[in-house]
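Written out below as structure tokens is the structure these notes cover.
Read-outs: derived from the displayed coordinates by stated rules, not from any lab. Keep in mind the model is a prediction, meaning the values are calculated, not measured. Every residue, glycine as well, gets a Cβ built from its backbone with ideal geometry; the counts of neighbours run over all protein chains shown.
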Amino acid sequence: MIHILDRYISKVIMLATGLITLIVASVMLLIMLLQELKTIGSGDYEIGQAIYFVLLRLPNELYHFAPILVLLGSIVGLSILSSYRELAVIRTSGFSVARMIYSVLGAALVLVFFMSAIGELFAPRLSYHATMHKENARNAGQAVVTAAGVWFHVDNNFIHVQRVVKRQLLEGVTRYQFDNQHRLQAAYFAKTLSLQGEAWQMNDVVKTTFYDNQTKSQSYSHIPWDLQFHPNLLNVGVIDANEMSLSKLNTLIRYLKQNGLQSNEYQYEFWQRLLQPILSLIMVFLTIPFVLSTLNTATLAWRLMMGILIGFIFFISNAFLGQLCIVYQLPAFLAALLPLLLFAMIGLVLINKIKYA
């Protein structure tokens with residue numbers, strides 16, 4: 001009998017979470033498409049490409065809402081059981097609070113595993129592909145991403161970048177400078193191109209000048225960059241932290257540390273995503289005392305509103321701690337762990353209240 005109830009509760013939780021995910025996905029699709037309307041018509045970027053971009057970005061956007069989706073899904077599922085008095089019957093049949101936690105978390109574990117697999121294995125790649133497709137279309141041939149790096153076309157110059165580390169740092173930069181008759185005048189190879197204040201600067205540079213009958217090479221520690229980058233061009237080749245897998249994030253963090261560059265933003269993203277499955281389970285754990293304590297006194301709408309409020313607090317705290325981590329150089333692991341500990345403590349306090357009640 002107990003196992004039948006376990007399966008029944010798990011089934012209701014999964015179906016409710018699926019319904020919530022479908023509703024949220026529909027709303028997000030509409031909002032994302034409306035946001036893209038202002039960029040349609042830029043270069044070769046048209047409505048069909050905007051729809052393609054939004055569809056590919058959706059899994060990654062949903063994954064960042066995973067803790068809230070399972071929270072709301074659990075609230076809806078348990079509230080449905082409560083509204084038909086099924087939850088009360090289950091409780092009176094000897095189904096303890098501990099057993100209910102086991103049943104609900106069992107369903108949540110399956111959901112979190114499924115979401116994490118999609119969110120870490122497929123969503124970042126799809127999101128990156130969508131962004132590159134969009135930026136290539138918007139720049140209309142001025143910038144192209146290839147397997148060997150990124151090509152830019154600025155005035156009479158063709159620039160190849162092996163790696164865009166971030167918008168302020170490009171690695172392995174080769175610049176080919178032509179005259180108005182399309183003759184090669186000079187080639188520059190820089191180890192890095194970095195933004196210093198408001199001006200770009202090439203570092204560890206070898207410049208080769210081409211004359212009619214000879215070439216001449218010179219080395220420089222630094223050369224000012226005299227070309228203007230359009231802001232859109234710098235979006236091409238840049239992989240945002242939320243478009244990287246955990247392994248790529250870890251590789252980038254090591255690279256930034258080895259070169260004495262700030263990595264707190266990426267460390268925070270890494271730890272936040274690594275801890276997200278645990279946080280999702282804690283959010284589900286939080287719903288059990290929340291629903292049981294309002295078994296006969298609250299409606300589904302009220303519980304949903306409270307769930308949305310909890311989700312809002314969760315995202316505000318994450319954004320706040322993320323900024324503190326970046327600005328004040330706080331330990332990224334601690335900043336990512338604090339919301340998890342906070343919600344876990346709230347859940348334990350509420351569970352104890354129900355037990356003693």
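Brief remarks follow.
- The simple Förster model, with R0 at 30 Å and r as the Cβ-Cβ distance, assigns L348 and S116 a FRET efficiency of 0.80.
- With a Förster radius of 41 Å applied to the C-beta separation of Y176 and V327, the computed FRET efficiency comes to 0.55.
- Cβ-based charge dipole, the chain, positive-most Cα from F285, F152, L195: F285
- Cα-based helix-to-principal-axis angle, 66-83 vs the chain, degrees rounded to 10: 20
- Alpha-carbon centroids, the range 300-357 and the range 177-226: separation in whole Å: 51
- Put simply, the amide H of V154, placed in the peptide plane, has neighbours under 5 Å in I159, leaving out anything fewer than 5 places away on its chain.
- Charge dipole of the chain about the Cα centre (unit charges at C-beta), most positive-ward option of T131, S245, F210: S245
- Among the listed options (1) 31.1; (2) 21.6; (3) 18.0, the one matching mean projected area of the Cα convex hull in nm² as calculated from these coordinates is (2).
- In summary, the range 143-229 shows an alpha-carbon radius of gyration equal to 1.08 times the 2.2 N^0.38 Å reference for compact globular proteins.
- Measuring r between the beta carbons of L30 and S317 and using R0 = 22 Å, the FRET efficiency lands at 0.25.
- Taking 0.36 nm per residue of sequence separation and removing the Cα-Cα distance, the T146/D226 pair yields an extension gain of 26.3 nm.
- The angle between the Cα long axis of helix 332-356 and the main principal axis of the chain comes to about 10°, on a 0 to 90 degree scale.
- Computed from backbone phi with θ = phi - 60° and the Karplus coefficients 6.51, -1.76 and 1.60, the 3J(HN,Hα) list for the range 267-276 is 5, 5, 4, 4, 5, 4, 6, 5, 8, 4 Hz; x is used for glycine and proline.
- Derived scalar couplings between HN and Hα for the range 8-18 equal 5, 4, 4, 4, 5, 4, 5, 5, 5, 5, x Hz in order, rounded to whole Hz, by the Karplus curve 6.51 cos²θ - 1.76 cosθ + 1.60 (θ = phi - 60°), x for Gly and Pro.
- Shown here are the Rg and Dmax of the Cα trace of the range 1-115, at 19.1, 66 Å.
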